[in-house]
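Contents: one structure, followed by commentary.
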Amino acid sequence: MVIVAGRLVVAPKQREAYLDGCVSVVEQARRAPGCLDFSITADLVDPGRINIFERWEAQTDVEAFRGGGPSDDQSAAVVFASVSEYDVAGSRSLT
């Protein structure tokens, strides 16, 4: 399993437009082979922060979906990014 997690920072006034531009990406990801979970969400406290969380069955699934990455407009809006991939050997349910 692969987890992709982190945060992006955009200008607070641009966050809603940025997130609106991500709706189709989230929809596509959730239909992609190997996608277990995918979300791009507004932070509840920081008005410029966007939280990223993805869970994939395998690295090949991530790579097949990722393609060229974000659009030029999305990349230009990002002031700061800290997103990493984690290879997970196991998990346990907390529910």
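Within region 1-59, track down each residue that is of a type in the set (V, I, T), surrounded by 14 or more Cβ atoms within 10 Å (Cβ to Cβ) and not in a strand (DSSP E or B). Walk me through how you get there before you give the answer.
Residues of region 1-59 that are of a type in the set (V, I, T), as a first pass: 2-4, 9-10, 23, 25-26, 40-41, 45, 50, 52.
Those still in the list that are surrounded by 14 or more Cβ atoms within 10 Å (Cβ to Cβ) too: 2-4, 9-10, 25-26, 40, 50, 52.
Selection gives V25, V26.
Which residues, counting only those in region 2-14, are closer than 23 Å to E85 by Cα and of a type in the set (K, R)? Before you say what the answer is, go through the steps one by one.
Of the residues in region 2-14, the ones closer than 23 Å to E85 by Cα are 2-10.
Correct list: R7 only.
Mind counting the residues in region 20-46 that are of a type outside the set (G, A, S), touching a residue at least 12 places away in the same chain (Cβ under 8 Å) and farther than 15 Å from A81 by Cα?
Selection size over region 20-46: 9.
Give the residues of region 59-76 that are at pLDDT 90 or above and of a type outside the set (S, T, Y), sorted by residue number.
Q59, D61, V62, E63, A64, F65
Conditions (1) of a type in the set (S, T, Y); (2) modelled with pLDDT of 95 or more; (3) within 12 Å of the chain's Cα centre (by Cα), marked per residue:
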residue: L8; (1), (2), (3): no, yes, yes
residue: T41; (1), (2), (3): yes, yes, yes
residue: P47; (1), (2), (3): no, yes, no
residue: F53; (1), (2), (3): no, yes, yes
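The values are calculated or read from the model by the stated rules, or taken from the named source; none is laboratory data. Here the structure is a predicted model, which means the values were calculated and not measured. FYI the Cβ positions are ideal-geometry reconstructions off the backbone, even for glycines, and counts take in every protein chain you see.
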